[in-house]
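Notes for the one structure printed next.
Coordinate-derived values only; no laboratory data. Keep in mind it's a predicted model, so treat the numbers as computed, not measured. Heads up, the Cβs are rebuilt from the backbone with ideal geometry, glycines too, and the neighbour counts pull from every protein chain shown.
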Amino acid sequence: MAAITLKDIVKRYGDGFLAVKGVSLDIADGEFVILVGPSGCGKSTLLRMIVGLEDITSGELRIGDEVVNDKAPRERHLAMVFQNYALYPHLTVFENIAFPLRLTKGQFTEDEIRAKVEHAASTLELQDHLQRKPANLSGGQRQRVAMGRAIVRDANAFLFDEPLSNLDAKLRGQMRTEIARMQRRLGTTTVYVTHDQTEAMTLGDRVAVLRKGELQQVASPRGLYEQPVNLFVAGFIGSPPMNFLPGEVVDGELRLPFAQVPLSDDLRSRIGERGVVIVGLRPEHFADAALLEDGKRDAGHTFDTEVDVTEWLGSDLYAYVPFETSHEVAGTLEELDRDLDGEGLRTQLVVALDSESRIRDGDTA
Ligand code: ATP
């Protein structure tokens, strides 16, 4: 196992396109790091540079203490786990796991191969399935066979490129838990690429958010959620996404499209007495006032509004609340929209309420 260190890594493709624009990231030995971002942000390119399938235009890549920019993939001792696990259907589980060892042509005796495969299989709880073919395994077991192949090679790290994106939602959930469990048990350094923020938030020790080839923030899932460094990260992490509202500060009071709220001293000192601001409100930070106890209701800010559409999901009730924007803050919204590639400009609020809420479409609440 080993740490992986990226220093000012740049990738310019042959056609001149700059896909990765100077990314620096320290991945500790045994750490599970997720690379996440929208399509085209450069996350696969970054992973492929780490594994050696893509040249590094400039910057320095270290695995352990060694600079590996010019090393062939094989010399880096990394194990890539692909989307479809790339198992051989005609080979047994035993032979699938043994495959990378047999490729070394004579480096290991038959006894050594057997010992390594059996060790990997018992770590992965596959010892009872060694004679089966992949077709007779569950998705989770197949995933473990793919990891078994990585284990027998004593890889420095596991690299995953969207391994679950072809699976249906239920299986994806099961496999996610499986990967997390196995990674914790093995303690192998792992880099995992996904565009799925649930995977990003549940799997990793730390999450690196990329956008247009640039690293936006690297933090624990909770750190990203609670202290996003910019609007992009704030809007990207969280489902349903954070609401962005135009607000005006007038004489120390924050005027939102549906409410006026006195500002805390801390916010007042940061924003000043006047100005236009963007207010980020997580959907789950709203509640149906009718369901709150008096003490809690008084502690918050209550507002009356019209509800456009509701969606009942069993655990939550999402309510969509339209709002109007005054002319004065329209400019700020346009700026926000440019910053978020058109994702920011919304004229409705998404509110996640307790599923017991009786609010329905068209209500005023
Ligand atoms: P996705 O989630 O869609 O796979 P990604 O974040 O993994 O996206 P990359 O595959 O790393 O994105 O691609 C990053 C950018 O580099 C994209 O704009 C892509 O079009 C571009 N790109 C990828 N491969 C090449 C190539 N061989 N030549 C030129 N540009 C490329």
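Observations on the structure shown:
- Around ASP55: net Lys/Arg minus Asp/Glu count, Cβ-Cβ under 13 Å: +2
- At most 15 other Cβ within 10 Å, DSSP loop - GluC sites (Glu not before Pro), segment 230-316: GLU273, GLU293
- 0 to 90° range, to nearest 10: angle between helix 169-186 axis and the chain longest Cα axis: 60
- Each other residue within a Cβ distance under 14 Å of VAL81 adds +1 if Lys or Arg and -1 if Asp or Glu, for a net charge of +2.
- Per-bin percent of Cα-Cα distances, segment 175-321 [10 Å]: 9, 28, 31, 22, 9, 1
- Helix axis angle, 110-123 relative to the chain longest principal axis, alpha carbon, degrees: 20
- Computed from Cα atoms, the angle from the helix 330-339 axis to the main principal axis of the chain rounds to 0 degrees.
- Spatial separation of Cα centroids for segment 96-166 and segment 254-302, in angstrom: 54
- Residue with peak Gaussian network fluctuation, the chain [Cα springs, cutoff 10 Å], from GLY252, GLY314, GLY30: GLY314
- Computed 3J(HN,Hα) for segment 39-55, one whole-Hz value per residue from the Karplus formula 6.51 cos²θ - 1.76 cosθ + 1.60 where θ = phi - 60°, is 3, x, 6, x, 5, 5, 4, 4, 5, 5, 6, 4, 7, x, 8, 9, 5, glycine and proline marked x.
- If you wrap the chain in the convex hull of its Cα atoms and look at it from every side, the mean projected area works out to 23.0 nm².
- Exposure proxy ranking, count of Cβ atoms within 10 Å, fewest first, for LYS21, LYS11, LYS170: LYS170, LYS21, LYS11
- 16 Å Cα cut-off, lysine pairs counted over the chain (separation 8 or more, or different chains): 9
- Within-11-Å neighbourhood charge of GLY362 [Cβ basis; K, R +1; D, E -1]: -3
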